[in-house]
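Take a look at the structure set out below.
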Amino acid sequence: MPPIVPLQELFEELNRRIDKPIDYNHILSSWIQSFGAQNIVFVDGMPYLPDPSRGKLLSIGRPVLSAAYYGLNQSSRYLRMDGVTMAGAQGFLMPRDATITAMWAKSRSTGSWNVEVRKNGIPITLVSIPVVGSFGSDSTIDVDVYAGDFLQFYLNGTAVDHPIAGVEIAWRANV
């Protein structure tokens, strides 16, 4: 495991290596104000912050994975990742350990249904949210997935028009 390098130390090392030093304190203070933390660290070149509500070191950048199905009256099916590939057949491959931190879904239907995230082709739900009146979301999710896992989206309901769902993930540093 590579060492964790606090941002301040990284800036100091950069200044030692260049002919004309740059005032990184300005950049650092902007980051601290933006992210509200002084312990931004880099692991494998990626910036992370401690997440106090989840007790983990999570990436600042948060990719969103989404899947959908274009069509009326959809029932109990896997959603498509790119409009073509069924998420049940493939899924999104995780290149590194991650934590699902939020989830959302919507449709053009006004009824109620659930969207589920499953992994590795096994029909066991990792996380699910209800969709009521065409929209549902949850930003308090804390579900870990691991490098090599693949995620799938499953519509659990009937008569859903044009469902779309997404999850926000944060890369997780295991230090």
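Listed values for the range 132-137 are Karplus-derived 3J(HN,Hα) couplings in whole Hz (6.51 cos²θ - 1.76 cosθ + 1.60, θ = phi - 60°), namely 10, x, 5, 8, x, 7, and x replaces Gly and Pro. In terms of surrounding Cβ atoms within a 10 Å radius of their Cβ, M94, M103, M46 rank from fewest to most as M46, M94, M103. Annotation: amide H-H contacts under 5 Å for D161 (H modelled 1.01 Å from N, sequence separation of 5 or more, or interchain): N73, Q74, R108, S109.
Here the range 64-173 is described by how far its Cα atoms reach on the three principal axes: 40, 28, 21 Å, from widest to narrowest.
A short reminder: the numbers here are calculations on the coordinates, not readings from a lab. Please read all numbers here as calculations on a predicted model, not as lab measurements. All Cβ positions, glycine included, derive from the backbone under ideal geometry; neighbour counts span all protein chains shown.
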